1. Is it the case, given these coordinates, that V148 is in contact with a Gly (Cβ under 8 Å, 6 or more places away or on another chain), in a loop (DSSP other than H, G, I, E, B), surrounded by fewer than 23 Cβ atoms within 10 Å (Cβ to Cβ) and hydrophobic (A, V, I, L, M, F, W, C)?
2. If the requirement is being in contact with a Pro (Cβ under 9 Å, 6 or more places away or on another chain) and either open to solvent by less than 30 Å² (accessible area, probe 1.4 Å) or part of a helix (DSSP H, G or I) (or both), which of these qualifies: T267, T228, T250?
3. Exactly one condition in (1) crowded, with 18+ Cβ neighbours inside 10 Å; (2) modelled with pLDDT under 80; (3) among the polar types (S, T, N, Q) is not met by N396; state its number.
4. Provide a single number: the residues in the range 180-218 that are under 28 Å from A479 (Cβ atoms), surrounded by 15 or more Cβ atoms within 10 Å (Cβ to Cβ) and among the acidic types (D, E).
5. Could you please tell me which pairs satisfy a Cβ distance under 6 Å, a separation of 6+ or placement on different chains, a first residue in the range 276-293 that is free of Cβ contacts under 8 Å to residues at least 60 places away in the same chain and in a loop (DSSP other than H, G, I, E, B), and a second residue that is open to solvent by 40 Å² or more (accessible area, probe 1.4 Å) and not basic (K, R)?
6. What is the one condition in (1) buried (at least 17 other Cβ atoms within 10 Å of the Cβ); (2) closer than 16 Å to I268 by Cα; (3) not aliphatic (A, V, I, L, M) that G221 does not satisfy?
7. In the range 285-294, is there at least one residue being of a type in the set (A, V, I, L, M) and modelled with pLDDT of 90 or more?
8. Is it fair to say A499 is at pLDDT 90 or above, in a loop (DSSP other than H, G, I, E, B) and of a type outside the set (F, W, Y)?
Amino acid sequence: MLVKTFGSAVYGIQAITITVEVNIAAGTKYFIVGLPDVAIKESYFRIDSALKNCNFRMPRQQVVVNMAPADIKKEGSSYDLTIATAVLAASGQLDAEELDKYIIMGELSLDGSLQPIKGALPIAIQARKDGFKGFILPKQNAREAAIVNDLEVYGVESIKEVVGFFNGDIKLEPVIVNTREEFYDSLCNYDSDFSEVRGQENIKRALEIAAAGGHNVILIGPPGAGKTMLARRLPSILPPLSLYEALETTKIHSVAGKLAAADALVTIRPFRSPHHTISDVALVGGGSNPAPGEISLAHNGVLFLDELPEFKRSALEVMRQPLEERRVTISRAKFTVDYPSSFMLVASMNPCPCGYYNHPEKECICPPGMVQKYLSKISGPLLDRIDLHVEVTPVNFNELSSDRLAEKSENIRERVIKAREIQIERFGNRPDLHANAQMSPQMVRDLCKIDAAGQTLLKKAMEKLGLSARAYDRILKVARTIADLSASEDIKLEHLAEAIHFRSLDREGWAG
């Protein structure tokens with residue numbers, strides 16, 4: 001008897017429906033074809049044990065399993081339930097009448113219980129697109145898939161429930177998630193707040209500018225000055241995720257298997273902070289079975305690289321293209337996958353190996369030339385993509401012990417949202433542009449015009465401070481953002497002066 005069931009394969013953040021055909025005929029062997037990987041070939045042993053332990057039987061005849069389309073490589077253990085259901089239907093232990101209306105996915109344990117799968121959300125989106133009535137999957141993934149409306153999602157704990165459902169012995173209740181309610185209930189629900197930070201007003205101002213214009217930022221200062229603490233609070237002042245951004249972010253985390261069973265939707269902007277020993281592949285994505293890297297997991301959020309010079313140079317250099325294109329393409333001999341990676345880069349570093357260069361109280365003990373050597377670990381092209389260079393100084397005792405509450409993230413976020421609204425209106429005819437940081441050089445010339453006094457100030461600043469040519473466009477972009485925060489149509493002298501202040505690393509002799 002020939003029976004068809006349906007599963008799904010995830011490539012990048014998109015899914016493709018896979019048809020699993022099982023035919024039982026005279027013979028004794030078990031064959032599985034259609035470019036399965038080792039995990040799928042091993043499924044025979046998991047299925048055999050699971051069926052026996054749930055009082056079902058594995059046919060002792062020739063069983064041929066075909067996974068179509070046969071020219072696409074199938075990977076992972078999530079097809080166990082798809083194949084087991086088809087085997088039971090082909091051997092007459094399960095009613096096959098409704099099988100073609102459902103996508104069925106899940107990894108089987110030897111006792112017949114189900115383990116969670118990766119990519120439940122993209123699979124559910126594709127199932128609805130292909131006109132399936134429902135999606136049967138492990139209970140741990142049910143809430144994640146249930147945010148897709150017009151699709152019945154059934155979370156099951158074992159293969160017994162699946163058999164009982166198709167045979168009409170038990171009734172499964174679909175998992176229902178109110179997507180909009182889930183989205184708005186936990187929107188901007190951050191654990192940390194800028195009001196907890198004592199002093200550091202100039203650094204808070206720099207991060208507000210970075211958030212308003214989507215600018216990349218580097219924080220330079222001695223150990224214990226508060227660089228990491230400030231960076232961790234940056235997502236709390238970014239504009240809230242839109243529902244579209246939340247869905248896109250959730251898809252990436254779903255594919256990577258990073259969603260907890262209680263989560264249905266990623267509702268706050270991601271903050272990823274990889275260790276400096278990270279490999280190139282772990283940072284940008286890839287591997288033999290391509291998976292999203294840290295830059296994609298930080299999509300629509302913040303990627304924080306603490307102690308930037310300690311990262312491998314090769315790992316930092318592979319980030320250059322994704323920083324410009326806001327997506328990463330992973331190519332293999334037989335296929336190519338794209339992962340979105342539109343993130344804000346926030347980096348921190350000590351000014352020198354000992355950490356106390358330019359410290360107001362402690363003396364730097366590094367030998368001559370060591371400061372410049374330490375800074376040169378970061379390449380010019382990467383530094384070129386960072387708009388704001390911020391010097392962080394230690395907080396004095398009076399500020400630390402003060403009872404005065406600082407400004408809340410909520411108030412800063414309101415100003416950031418207003419500035420972003422001005423930018424969205426400015427780029428109205430370019431839906432791919434959302435913030436000033438994304439402007440091309442030609443757009444900088446058109447939209448960041450300054451008067452004669454501004455030109456004179458910028459010329460003097462470049463000459464006196466020894467600013468490099470690459471700083472010119474960056475200063476104009478940041479000045480445009482500062483003007484937007486002030487709701488000013490024109491870039492004024494004070495906006496330009498503040499933008500020049502945030503180009504520390506371009507000054508000749510800064511590390512000399």
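1. No, not satisfied.
2. Numbers: T228 fails: in contact with a Pro (Cβ under 9 Å, 6 or more places away or on another chain); T250 fails: in contact with a Pro (Cβ under 9 Å, 6 or more places away or on another chain).
So the residue among T267, T228, T250 that is in contact with a Pro (Cβ under 9 Å, 6 or more places away or on another chain) and either open to solvent by less than 30 Å² (accessible area, probe 1.4 Å) or part of a helix (DSSP H, G or I) (or both) is T267.
3. (1)
4. Adding up the residues that qualify gives 1.
5. As it stands, the answer is H276/E307; H276/E310; G287/V281; G293/A282, since those pairs meet every condition given.
6. G221 satisfies every listed condition except (2).
7. Applying the first criterion (of a type in the set (A, V, I, L, M)) to the range 285-294 yields 291.
Those left that are additionally modelled with pLDDT of 90 or more: none.
No: the range 285-294 contains no residue that is of a type in the set (A, V, I, L, M) and modelled with pLDDT of 90 or more.
8. Working: at pLDDT 90 or above: yes; in a loop (DSSP other than H, G, I, E, B): no; of a type outside the set (F, W, Y): yes.
So A499 fails the test.
The values are calculated or read from the model by the stated rules, or taken from the named source; none is laboratory data. Not measured: the values here are computed from a predicted model. No Cβ is skipped: glycine too gets one built from the backbone with ideal geometry, and neighbour counts run over all protein chains shown. The area values use the complete protein model at the heavy-atom level, side chains included, leaving out ligands, DNA and RNA. Shrake-Rupley method; radii C 1.70, N 1.55, O 1.52, S 1.80 Å.
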